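Since every read-out is calculated from the coordinates, none of them should be taken as a lab result. The shown structure was predicted, so the numbers you read here are calculated from the model rather than taken from an experiment. Using ideal geometry, Cβ is built from the backbone for each residue, glycine included, and neighbour counts are taken over all protein chains shown.
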Amino acid sequence: MPKSASDEAEQRGASTHDPSPQERIWQVVASIPKGAVATYGQVAELAGMPRGARQVGRVLAALPNDSRLPWHRVVNAAGRVSLRGDSGRLQRRLLRDEGVAFRADRIDLQRCRWTP
DNA sequence: TCCTTGACGGAGA
DNA sequence: ATCTCCGCCAAGG
């Protein structure tokens, strides 16, 4: 028999404490396959935050530089890289390195957008 | 508190 | 296709 509410939650499959919004975003980003991209809004929705595109941007901006998360696979709804300057060039380079094509700094979302 | 600032997005012009 | 304007939602001043 479960001794506490949290133990019972564990029985149902939930872990000790529900994942924070931030953790849910990390999880979604981590699951974007190589060579594909997702938009901020799409990540937000998949993370259970329908209008949280900006939150996704904020969470990604807070990632440490040595993060293993494929943050570069997240682009804006226009299929463009939102980062400015060197960071933006890095993101485009990482994407090109895994086969994502750019046409005038823009990605063809119809072709590269990830569909879970 | 109020105001400003974004790795945003969609509707109009 | 591009540009503005506005709604959205936290975080920081």
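Dipole check for the range A:22-116: with +1 at the C-beta of Lys and Arg, -1 at the C-beta of Asp and Glu, and the Cα centre as origin, the magnitude is about 260 Debye. Here the relative contact order of chain A, from alpha carbon pairs under 8 Å that lie six or more residues apart, stands at 26 percent.
Only helices enter this figure: runs of n ≥ 4 DSSP H residues, each worth -39500 (n - 2.57), summed and divided by the residues of chain A, yield -12000 deg cm²/dmol at 222 nm to the nearest 500. Length available on full extension from A:Arg106 to A:Ala62: 0.36 nm per residue minus the Cα-Cα distance, which gives 13.4 nm. The residue list A:Ser20, A:Trp114, A:Pro64 was ranked by how far each Cα lies along the charge dipole of chain A toward its positive end, using unit charges on Cβ atoms, and A:Trp114 comes out on top. How fast does chain A diffuse by Stokes-Einstein, in µm²/s, taking the Kirkwood radius from C-alpha pairs at 10 °C and 1.306 mPa s? Here the translational diffusion coefficient equals 103 µm²/s.
Estimated at 0.36 nm per residue, the fully extended path between A:Thr16 and A:Ala30 surpasses their Cα-Cα distance by 2.9 nm. In this structure the amide hydrogen of A:Val75, modeled in the peptide plane, comes within under 5 Å of the amide hydrogens of A:Ala38, A:Thr39, A:Tyr40, none closer than 5 places in sequence on its chain. Measuring r between the beta carbons of A:Thr115 and A:Arg80 and using R0 = 22 Å, the FRET efficiency lands at 0.65.
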